[in-house]
Amino acid sequence: MQAGQILPVAAIARPTAAGDGVFPDAATWERIAHYRIVLRPAPPVHPSAVMRETQSPQSTVLHFSVASDGARFFVRLQWHDDTRDVVSAFDRFADAAAVELALDDGVRTSYMMGSADAPVNIWLWKADTPAAQDLAAAGFGTTTALAAGGIAAAGRYVTGDRSWTVVFARPLRTTDEHQAVLAPGRAIPLAFAVWDGSLDQRDGHKLTSTHWVTFQLPP
């Protein structure tokens, strides 16, 4: 991927049964373009984040695909993780992944949680929670849950490969001003994050992409 490149959203057939096309190992995903990006530690923005740092890896490779069936928008993520962490407790943390979307074309919006004048939409999946979360943020420490997101997500851990696969899905249409507009011909800037619970990663202690990756639905 080159800087400033706009990638096409792959067109897929509408599922014939509930769950098809969303479940992580659906054969559909093997027939469309796969991309890769390196995720790196998010810069600490609070002293507590520095105190929580462990011997975390300095980077990990995220493989991703983006598709639409004409009614829904899908993002599929795959990454290596030595352990399957699915419990959150006082001193335990679940694995997680997120997709961040700019509400504009990404030119004035920071991929680091947005800002007051250029907020972002975030889709969050956590391995210990059955439902995905639809969030908005306007800078660090401002994350807010949206009332009706329509976000679905499914995750699967493959022990042999020691990897997670997570798929997010959302209807193209939306009525909330803080949800990303997924319209034909419109730029859709995406950024990504993953958390490794076994390394005490949570909140701002995570691995993230370092720039927007822009997709576009066909007009």
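The values are calculated or read from the model by the stated rules, or taken from the named source; none is laboratory data. Quick caveat, the model's predicted, so the values are computed rather than measured. Heads up, the Cβs are rebuilt from the backbone with ideal geometry, glycines too, and the neighbour counts pull from every protein chain shown.
Which of the residues belonging to region 160-213 are over 16 Å from Asp85 (Cα atoms) and aromatic (Phe, Trp, Tyr)? Within region 160-213, Phe168, Phe192, Trp212 meet the criteria.
Out of the residues in region 94-105 that are assigned to a loop (DSSP other than H, G, I, E, B) and of a type outside the set (Asp, Glu), state the one that is modelled with the lowest pLDDT.
From region 94-105, those assigned to a loop (DSSP other than H, G, I, E, B) are 94-95, 103-105; that's our starting set.
Subsequent filtering for residues that are of a type outside the set (Asp, Glu) retains 94, 103.
Numbers: Ala94: 96, Leu103: 93.
If we take residues in region 94-105 being assigned to a loop (DSSP other than H, G, I, E, B) and of a type outside the set (Asp, Glu), then Leu103 is modelled with the lowest pLDDT.
Look at region 185-212: where a residue is within 20 Å of Asp105 (Cα to Cα) and without any contact (Cβ under 8 Å) to a residue 40 or more places away in the chain and a partner is surrounded by fewer than 22 Cβ atoms within 10 Å (Cβ to Cβ) and of a type outside the set (D, E, K, R), sitting 6+ places away or on another chain with Cβ atoms under 6 Å, you get Gly185/Pro219.
With respect to Arg170, is the statement that it is closer than 21 Å to His34 by Cα and exposed (fewer than 15 other Cβ atoms within 10 Å of the Cβ) true? Spell out how you get there, then give the answer.
Working: closer than 21 Å to His34 by Cα: yes; exposed (fewer than 15 other Cβ atoms within 10 Å of the Cβ): no.
No.
Picking from Leu190, Leu199, which residue would you name as being closer than 26 Å to Pro15 by Cα, crowded, with 20+ Cβ neighbours inside 10 Å and of a type outside the set (Lys, Arg)?
Numbers: Leu199 fails: closer than 26 Å to Pro15 by Cα.
Testing whether each residue is closer than 26 Å to Pro15 by Cα, crowded, with 20+ Cβ neighbours inside 10 Å and of a type outside the set (Lys, Arg) leaves just Leu190.
Tallying residues that are at pLDDT 90 or above, among the hydrophobic types (A, V, I, L, M, F, W, C) and farther than 25 Å from Trp79 by Cα within region 113-164 yields 2. Find all pairs meeting these conditions: Cβ atoms under 7 angstrom apart; at least six residues apart or on different chains; first residue within region 81-103 and closer than 12 Å to Asp196 by Cβ; second residue in a strand (DSSP E or B) and basic (Lys, Arg). Close Cβ pairs (under 7 Å, with a partner that is in a strand (DSSP E or B) and basic (Lys, Arg)) amount to Phe93/Arg202; Ala94/Lys126; Ala96/Lys126. Consider region 105-138 and keep the residues that are in contact with a Pro (Cβ under 8 Å, 6 or more places away or on another chain) and without any contact (Cβ under 8 Å) to a residue 60 or more places away in the chain. The one that is surrounded by the most Cβ atoms within 10 Å (Cβ to Cβ) is Ala136.
I'd like to check which strands (runs of 3 or more DSSP E) are fully inside region 106-219 and have at least 3 residues that are of a type outside the set (A, V, I, L, M). It would help to see each step written out before you state the result.
On the way: elements: 120-126, 133-137, 152-158, 163-171, 187-195, 213-216.
In region 106-219, 120-126, 152-158, 163-171, 187-195, 213-216 are the strands (runs of 3 or more DSSP E) which contain 3 or more residues that are of a type outside the set (A, V, I, L, M).
Looking at this structure, is Leu62 modelled with pLDDT of 95 or more and surrounded by 15 or more Cβ atoms within 10 Å (Cβ to Cβ)? It is true that Leu62 is modelled with pLDDT of 95 or more and surrounded by 15 or more Cβ atoms within 10 Å (Cβ to Cβ). Candidates Arg202, Arg186, Arg156: the one that is touching a helix residue (DSSP H, G or I) at 6+ places or on another chain (Cβ under 9 Å) and closer than 18 Å to Val99 by Cβ is Arg202.
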